[in-house]
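For reference, the structure is listed below as C-alpha cells.
A short reminder: the numbers here are calculations on the coordinates, not readings from a lab. Small disclaimer: the values here were computed from a predicted structure and weren't measured. All Cβ positions, glycine included, derive from the backbone under ideal geometry; neighbour counts span all protein chains shown.
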C-alpha cells in the first residue's frame, strides 16, 4: 500500500504531539530545523535522543517508551537510518502511537507493514516540514 496524499493530510490535520526519534540538538541538522518549524506551528515536540537532556526547550528522553510514561504520543517522526526503523516501529506500536512518519530518504517496508498491520498510519520517504507547508498552502 503506497503512501497517499490522503494519509498525509489526515496526519497533518489530526495530530499535534510528535515524538521525534533522532532529534539532534545541533541547529544545522535537518531534524532540528524540521522540529523547530513544527513547534513554531503549534505542534508539541518530544525529543527522543539518549545523548541529550533538552532540545528546543523540551525534555529529551532516551526512548519512546520512556517518553510515553510522561506524554501521550500521537505521531512518531523518525530521523534514523532505514535499517534502524524496525525497533522504532515496534516501540511506536507498543506505546499506542497513531502514526509513524519516516523522513525524506528513510524507508523500511517491513517496519511500515508491521505498523500498518497494528493500525498505525504510515508515511515513508517524505519530509514533514515540506508536506506541512504544501498541505497548508493548498488549504
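Listing for the model above:
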item	result
Some residue of region 76-92 being surrounded by fewer than 18 Cβ atoms within 10 Å (Cβ to Cβ), in contact (Cβ under 8 Å) with a residue 40 or more places away in the chain, in contact with a helix residue (DSSP H, G or I) (Cβ under 7 Å, 6 or more places away or on another chain) and assigned to a loop (DSSP other than H, G, I, E, B)	yes
Test: residue in region 95-115 that is farther than 25 Å from residue 135 by Cβ, assigned to a helix (DSSP H, G or I) and in contact with a helix residue (DSSP H, G or I) (Cβ under 6 Å, 6 or more places away or on another chain)	yes
Residue ranges of helices (runs of 4 or more DSSP H) in region 1-71 with at least 1 members more than 17 Å from residue 96 (Cβ to Cβ), in contact with a helix residue (DSSP H, G or I) (Cβ under 9 Å, 6 or more places away or on another chain) and in contact (Cβ under 8 Å) with a residue 24 or more places away in the chain	5-14, 30-40
